[in-house]
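Colleague: Have a look at the structure that comes next, please.
The values are calculated or read from the model by the stated rules, or taken from the named source; none is laboratory data. The model shown is predicted, which means the values in this text are computed figures rather than measured ones. As a convention, Cβ positions derive from the backbone with ideal geometry for all residues, glycine included, and neighbour counts pool all protein chains shown. Side chains included, ligands, DNA and RNA excluded: accessible areas come from the protein's heavy atoms. Shrake-Rupley method; radii C 1.70, N 1.55, O 1.52, S 1.80 Å.
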Amino acid sequence: MSAKRRKAKQRRRIIFFAVEIVALIVLLIAIVGVNMVTKIDKIKINEEDIVVNPQVENNKEMKGYRNIALFGVDSRKGKLGKGSRSDTVMIASINQDTGDVKLVSVYRDTYLNLGTDSYNKANAAYAQGGPEQAINMLNMNFDLDITEYVTVGFDALIETIDELGGIDIDVHDNEIDHLNNYQRSMFVENENDALNENIVKVTHSGMQTLNGLQATAYCRIRYVGDDFGRAERQRKVLMACMDKAKTMSPTTLVSILNKVMENVYTNLDVTEMASILSDVANYQIVAQDGVPFEDSRATGTIGKKGSCVIPLDLETNVVKLHELLFDVTEYEPSDQVKQYSQKVQADTSQYMKK
């Protein structure tokens with residue numbers, strides 16, 4: 001992306017929201033605006049090192065949309081940068097004219113180009129090169145133009161939900177035991193450490209108010225619906241958080257931010273956060289999904305790389321993604337995506353489960 005184009009984008013009206021377990025934090029930051037921004041840990045990225053496929057730079061259909069990368073990392077001690085695998089990888093695409101928000105989970109085990117022309121699970125990109133490499137991974141594989149990101153750890157989500165007074169979630173019978181087990185193990189650093197027994201167990205199914213630890217454990221369940229069900233649960237938590245946050249006063253949100261900022265990394269600046277202050281209540285999540293899409297993916301164990309989610313055809317997934325996010329029909333993927341698609345197929349075809 002050229003410097004001229006970046007400056008032009010910065011002058012446009014900012015409509016910004018986020019997704020998944022990081023989304024609520026972004027929302028709260030935006031609401032309280034300038035005064036709290038200095039308390040956020042920033043990992044600056046060099047935009048000149050961000051890769052945007054050439055075809056995307058001149059894509060007219062994507063103009064008017066703001067795309068933000070959101071990462072949730074498995075960190076309990078504020079370690080949110082390089083070296084942490086991203087437990088959550090998501091994209092928020094915002095229509096700057098309407099305020100419509102579309103959310104897409106990128107399954108963390110998806111076999112993709114990591115932004116370095118090496119191929120592995122998508123969440124390895126953040127561990128190898130922090131947010132910069134993870135953004136490149138998203139841009140290169142999916143023909144996007146992301147330059148901004150927000151990263152949070154578990155502590156921020158737990159404390160925020162508690163400060164909100166909990167969130168309402170419809171828990172299913174087959175999720176209860178896993179939810180409670182994840183609660184017990186959430187803050188165990190070493191395999192042989194005793195599990196945390198100081199928890200409030202979920203004892204029944206149905207719609208109920210979950211506290212911060214319960215809701216975060218619910219986000220982590222992988223044994224019901226695999227990673228696909230997990231990502232769906234994470235989006236449910238996001239939407240419940242958004243609904244609750246919209247009912248809170250700015251004073252309450254400032255108090256929440258004071259407590260969670262040490263677990264937030266971002267490269268968004270004061271102007272961007274302050275500019276959406278008056279429009280937060282107008283944002284609406286109008287679509288959500290996960291990529292690779294259900295009818296365009298498989299699973300398989302790829303040698304030493306382990307169990308992976310495999311795009312049956314990366315090109316097809318990119319076409320569907322652009323239709324979902326930007327209402328573009330018959331999108332033509334870039335030459336780069338076509339190249340990556342062929343490589344993914346060559347590496348994985350013998351391993352896919354039928």
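Colleague: In a shell of Cβ-Cβ distance under 12 Å around Leu325, excluding Leu325 itself, what net charge do Lys and Arg (+1) and Asp and Glu (-1) give?
Modeller: Net local charge, Leu325 excluded: -4.
Colleague: Please go through the residue pairs Lys201/Lys320; Lys236/Lys259; Lys259/Lys305 and name each one whose alpha carbons sit more than 32 Å apart in this structure.
Modeller: On the way: Lys201/Lys320 40 Å; Lys236/Lys259 24 Å; Lys259/Lys305 38 Å.
With Cα atoms farther than 32 Å apart: Lys201/Lys320; Lys259/Lys305.
Colleague: So, one more: List the aspartates and glutamates whose alpha-carbon lies under 13 Å from that of Lys244, not counting same-chain residues fewer than 8 positions away?
Modeller: Those aspartates and glutamates meeting the cut-off are Asp162, Glu163, Asp168.
Colleague: For Asp162 and Gln284, what does the FRET efficiency come to when R0 = 22 Å and r is the distance between their Cβ atoms, rounded to the nearest 0.05? Mind dumping the intermediate values first?
Modeller: On the way: r = 26 Å, r/R0 = 1.18.
Using R0 = 22 Å, I get an efficiency of 0.25.
Colleague: Before I look further, what does the stretch 174-227 give for accessible area per residue, probe 1.4 Å, in whole square angstrom?
Modeller: 55 Å²
Colleague: Full extension from Asp173 to Gln96: what is 0.36 nm times the residue separation minus their Cα-Cα distance, to one decimal in nm?
Modeller: Details: separation 77, 0.36 × 77 = 27.72 nm, distance 4.00 nm.
Length gained between Asp173 and Gln96: 23.7 nm.
Colleague: Continuing with the same structure: Take each of the peptides 101-109, 222-230, average the number of other beta-carbon atoms within 10 Å over its residues, and list them starting from the highest.
Modeller: 101-109, 222-230
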